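Everything on this sheet refers to the single structure shown next.
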Amino acid sequence: MKLGALEAGGTKMVCAIGDEKGNILEQISIPTETPEITIPKLLSFYEEKEIEALGIGCFGPIDVNRKSDTYGYITTTPKLAWQNYNIAGAFKEALDVPVGFDTDVNGSALGEYTWGIARGLNSCVYMTVGTGVGIGIISEGRLVHGMLHPEGGHMLLSRSREDTYQGFCPFHENCLEGLAAGPAIEGRWGKKAVELAGEQKVWELEAEYIAQALVNLTCILSPERIILGGGVMHQLQLFPMIRSRFRQLLNGYLKTKELEDLDTFIVPQSLDDKQGIMGALKLGMMELERNT
């Protein structure tokens, strides 16, 4: 089976050709500019490849309601050129193949669930902490949607008393993304995260906010595993700090076998940062199956 995969990000578009086993056979990256500039470049990659289906994991917000007139659209994104753009429809019309469509973080969750560290489980949460914060959810073996799709990066948190940084989110003063994403670290400390690797106080505060979010997700969704990815999570010293603070905040309230060992409950991504593009492959497979 020959499948196309697109991880559509706000900065770059990762295009790949792969198979039903998750193997990536060919991959390129194209800068995200305007649809008029970017889409023809993407189409030229997939044309002549004879793919059977395409999966798209896309930056959002997007419309994933199949009953909606704007299903497959990017909707209220701050990237103005992409607002109300029918990205799934553009590929379906040009390539004439089934097109699977979901958020980029749901795609990453699906990649880990299908081929990675969540394989064999019934539920998981994938959180990316990078330029922004996104959350993908699988529950009862299915990707979670609703009136829209999960926007867990904007859950509200309790601000640390020592933190005077106002947050960079234009909508919320104390949401997870505004307090803990890469731009928040740089805005608060004056340096990029990678330059602050040895600064204990930086990561203690980061662990505080991420741990708060994970307690919220655990209590609401009851996942069997939480997977953390994205550029900020390349700071592996964060993981023991997050686990320790998570245990303190949960304060013994929940007792499950999963929570007995937080080293296997809160874990790094396992697919060498390919979970998103591999999840897009799976989205294409699922759409092909839906159409046969």
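The condition of being more than 24 Å from Val64 (Cα to Cα) and touching a strand residue (DSSP E or B) at 6+ places or on another chain (Cβ under 8 Å) holds for only one of Leu205, Leu196, Leu214, Leu179, that being Leu214.
Is it fair to say Gly57 is open to solvent by less than 60 Å² (accessible area, probe 1.4 Å), within 19 Å of Gly100 (Cβ to Cβ) and modelled with pLDDT of 95 or more?
Against the criterion (open to solvent by less than 60 Å² (accessible area, probe 1.4 Å), within 19 Å of Gly100 (Cβ to Cβ) and modelled with pLDDT of 95 or more), Gly57 qualifies.
Of all residues in segment 114-164 being of a type in the set (Ser, Thr, Tyr) and within 21 Å of Ala213 (Cα to Cα), which is modelled with the lowest pLDDT? This residue is Thr131. Evaluate the following for Gly111: is it surrounded by fewer than 23 Cβ atoms within 10 Å (Cβ to Cβ), of a type in the set (Gly, Ala, Ser) and either assigned to a loop (DSSP other than H, G, I, E, B) or touching a helix residue (DSSP H, G or I) at 6+ places or on another chain (Cβ under 7 Å) (or both)? Spelling it out, it is not the case that Gly111 is surrounded by fewer than 23 Cβ atoms within 10 Å (Cβ to Cβ), of a type in the set (Gly, Ala, Ser) and either assigned to a loop (DSSP other than H, G, I, E, B) or touching a helix residue (DSSP H, G or I) at 6+ places or on another chain (Cβ under 7 Å) (or both).
Go through segment 235-278 and give me each residue that's free of Cβ contacts under 8 Å to residues at least 40 places away in the same chain and closer than 27 Å to Lys12 by Cβ. Of everything in segment 235-278, those that are free of Cβ contacts under 8 Å to residues at least 40 places away in the same chain and closer than 27 Å to Lys12 by Cβ turn out to be Leu236, Leu238, Phe239, Asp272. Checking each residue in segment 9-64 for being aliphatic (A, V, I, L, M), within 22 Å of the chain's Cα centre (by Cα) and part of a loop (DSSP other than H, G, I, E, B) picks out only Val64. Taking first residues from segment 37-57 that are of a type in the set (D, E, K, R) and partners that are surrounded by 15 or more Cβ atoms within 10 Å (Cβ to Cβ), the Cβ contacts under 7 Å between residues at least 6 apart in sequence or on separate chains come to Lys41/Ile30; Lys49/Gly4; Lys49/Ile17; Glu52/Leu3; Glu52/Val97; Glu52/Leu288.
Could you check segment 224-248 and list, in sequence order, the residues that are assigned to a helix (DSSP H, G or I) and crowded, with 18+ Cβ neighbours inside 10 Å?
Across segment 224-248, the qualifying residues are Val232, Met233, Leu238, Phe239, Met241, Ile242, Arg243, Arg245, Phe246.
Of the residues making up segment 172-223, not one is open to solvent by 70 Å² or more (accessible area, probe 1.4 Å), touching a His at 6+ places or on another chain (Cβ under 9 Å) and small (Gly, Ala, Ser).
Against the test of being open to solvent by 30 Å² or more (accessible area, probe 1.4 Å) and either in contact (Cβ under 8 Å) with a residue 60 or more places away in the chain or among the aliphatic types (A, V, I, L, M) (or both), the options Asn86, Asn65 yield a single qualifying residue, Asn65. Per the listing Glu20, Glu7, Glu50, the residue uniquely within 22 Å of Thr128 (Cα to Cα) and of a type in the set (Asp, Glu) is Glu7. Among the residues of segment 131-144, the one identified as touching a strand residue (DSSP E or B) at 6+ places or on another chain (Cβ under 8 Å) and not in a strand (DSSP E or B) is Val144.
Note on segment 142-183: residues that are of a type in the set (Asp, Glu), under 24 Å from Ser108 (Cα atoms) and free of Cβ contacts under 8 Å to residues at least 60 places away in the same chain total 1.
The values are calculated or read from the model by the stated rules, or taken from the named source; none is laboratory data. Because the structure is a prediction, the values reported are computed rather than measured. Using ideal geometry, Cβ is built from the backbone for each residue, glycine included, and neighbour counts are taken over all protein chains shown. Areas reflect the complete protein model, heavy atoms only, side chains present, ligands, DNA and RNA absent. Shrake-Rupley method; radii C 1.70, N 1.55, O 1.52, S 1.80 Å.
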